[in-house]
Amino acid sequence: MKPLLSLERQLHNLMEWLAHYGADREGGVTRLLYTPAWMKAQHALFERMKDAGLAPYFDDAGNLFGRLEGTERPDETVLTGSHVDTVRSGGLYDGALGIAAGMTALQRLHEQFGKPKRTLEVVSLCEEEGSRFPVTFWGSGNMTGRWSMSRIPDVADDEGVSLAEAMAAAGFGPDTHRPCKRSDLHAYIELHIEQGMVLEKLGLPVGIVQGIVGQVRLTFEVCGETNHAGTTRMGWRRDALAGTAEMTLALEREAVAAGDPFVATVGKLEVAPNVSNVIAGSVLFTVDLRHPDAAALESLSRHIVELFYGIAASRSLRLSHRQWMHAEPVPMDRQLLAELEAICLRKQIGCHPLHSGAGHDAQIMSAVCPAAMLFVPSRAGISHSPLEHTDPADMAAGTEVLMELLYKLAY
Ligand SMILES: [Zn+2]
């Protein structure tokens, strides 16, 4: 391994240190919201922010901030960071890198240029993944009004512990720290691993996220006729599973024909009666469709539904469907994107525009302030796994771009 440069070394060390909190047997990290591992990580980050000269504080939800107060416009906050929670046995980089990059950037800017004119804050968001409780974006959602401490959802984890109980046991909840809701945000910039293979394939260190894809999720129910697998001739069958297979392949064909960045997935099948010598009488299956363009997503999803009904009719199957999720695409702020591109050009850091196929806190923040995201490569595109890896040189390149933008916005 070649010797690390100083910014690389600083980031590498911080990432290694943070990975100890919640380190699991699989070599990954498990930091579920309000668990002991999560608490240790947030409190350790609190101390680390203090040591780095970033005045730390918590809000009621457990989001942790490190603050450099602005000298001229203290009430306008430029915020950077990401989420501290992970999936079960997740990787070392998802979320964590955005916090480490933000802390490092603020510390370095402070050392080099002193206090900013606008307030600069780094945030370690308490929750994004929805891994312990069926709430996603609990951290950024409480800051923006999507969630509220006055309406804590009545949900429980696998052990039956409610969200309110878990939060109280961790020392958070209504009126325990500072209020969550923010009205002072001037901009939010998040650095995150790509969780895909585009940057690695291109051999570029930085992705400038143009927007976060819109999503449509549907459940289809195919009804045919259950019958004997041995005595029912092929021409007499109404096989719900064979019909579902045809729909699945048709979906794949349509998605390939529509081309990038459209993606379509059948991820879940429930076959009944699911017996080896019985023709399937019914199948329940899900479809997940994603596209960064709202109109394209709408027309593709309508087309696919029509196609499925055609296939069902040709096989004398009954079909019904339900759309249970529709999230609009979220474009990132045009002006911030232009700034990021200019910074990469000026610093001769290779960058590429891309869309995020996964959800991120930046899409929630964009409801209350201009938001932007930077991606750095994920080795082999792997994420939500202990095998997650990002090269220190790429972490440093992303952090340099982040630092420049924060300088531009706050100094
Ligand atoms: Zn993430």
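The values are calculated or read from the model by the stated rules, or taken from the named source; none is laboratory data. These figures come from a predicted structure and were not determined experimentally. FYI the Cβ positions are ideal-geometry reconstructions off the backbone, even for glycines, and counts take in every protein chain you see. SASA here: full protein model, heavy atoms, side chains in, ligands and nucleic acids out. Shrake-Rupley method; radii C 1.70, N 1.55, O 1.52, S 1.80 Å.
Of note:
- In segment 8-56, GluC sites (Glu not before Pro) in a DSSP loop with at most 16 other beta-carbon atoms within 10 Å: Glu26
- Sequence-distant residues sharing a close amide H with Gly81 (under 5 Å, placed H): Val123, Ile189, Leu191
- By the Cβ-Cβ criterion of under 4.7 Å, the unpaired cysteines of the chain are Cys126, Cys180, Cys223, Cys369.
- Modelled this way, with points 7 Å down the Cα-to-C-beta line, the labels at Ala272 and Ala342 are 6.0 nm from one another.
- Segment 287-390 shape via C-alpha gyration tensor axes, a/c threshold 1.5: prolate
- Rg over Rh, two decimals, the chain (C-alpha only, Kirkwood Rh): 1.04
- Of the trypsin sites (Lys or Arg not before Pro) found in segment 1-54, those in coil by DSSP whose Cβ has at most 13 other Cβ atoms within 10 Å are Arg25.
- Dipole of the chain, positive direction: furthest Cα of Asn63, Gly350, Met143, with charges on the beta-carbon: Gly350
- Taking amide H as placed 1.01 Å from N in the peptide plane, Asn63 has its amide H under 5 Å from the amide H of Cys126, each at least 5 places away in sequence or on another chain.
- Summed over the residues of the chain and divided among them, the accessible surface reaches 44 Å² per residue at a probe radius of 1.4 Å.
- A simple spin-label model places pseudo-atoms 7 Å from Cα toward Cβ; at Glu26 and Trp236 they are separated by 4.8 nm.
- Cα centroid of segment 217-292 to Cα centroid of segment 47-96, whole Å: 45 Å
- Of the trypsin sites (Lys or Arg not before Pro) found in segment 315-383, none is in coil by DSSP with at most 15 other Cβ atoms within 10 Å of its Cβ.
- Dipole magnitude (debye, nearest 20) for the chain, charges at Cβ of Lys, Arg, Asp, Glu: 400 debye
- Cα shape, segment 214-327, gyration tensor, a/c 1.5 rule: prolate
- Estimated vicinal HN-Hα couplings, Hz - segment 137-151 in sequence order (Karplus 6.51, -1.76, 1.60; Gly, Pro = x): 6, 4, x, 5, x, 6, 6, 10, x, 5, 10, 8, 5, 7, 9
- Rounded to whole Hz, the Karplus (6.51, -1.76, 1.60) HN-Hα couplings of segment 91-96, x for glycine and proline: x, 7, 10, 4, x, 3
- Residue by residue, segment 108-117 carries 3J(HN,Hα) couplings of 5, 4, 4, 4, 7, 10, x, 5, x, 6 Hz when phi is fed to the Karplus relation 6.51 cos²θ - 1.76 cosθ + 1.60 (θ = phi - 60°); x denotes Gly or Pro.
- Efficiency of FRET from Cβ geometry, Ala367 and Arg302, R₀ 30 Å, rounded to 0.05: 0.65
- Square roots of 5 times each gyration tensor eigenvalue, C-alpha, segment 61-190, largest first, Å: 28, 17, 11
- For His384, net neighbour charge (Lys/Arg +1, Asp/Glu -1) across residues whose Cβ lies under 11 Å away: -2
- Sites Lys40 and Thr71 - FRET efficiency at Förster radius 41 Å, r taken between beta-carbons, to 0.05: 0.75
- Helical mean residue ellipticity (222 nm; -39500 (n - 2.57) per DSSP H run of 4+; nearest 500) of the chain: -11000 deg cm²/dmol
- Cβ-derived FRET efficiency at R0 30 Å, Ala380 paired with Glu254, nearest 0.05: 0.65
- The relative contact order of the chain, computed from alpha carbon pairs under 8 Å that lie at least 6 residues apart in sequence, is 23 percent.
- Apolar share of the accessible surface for the chain: 51 percent from carbon plus sulfur atoms, 1.4 Å probe.
- Computed lengthening from Gln323 to His352, 0.36 nm per intervening residue step minus Cα-Cα distance: 7.1 nm
- Net charge dipole size for segment 287-411 [Lys, Arg +1 and Asp, Glu -1 on Cβ; Debye, nearest 20]: 460 debye
- Overall form of segment 148-216 per C-alpha gyration tensor (a/c, 1.5; a/b vs b/c): prolate
- Over 20 Å [Cα-Cα, segment 114-185], rounded percent: 33 percent
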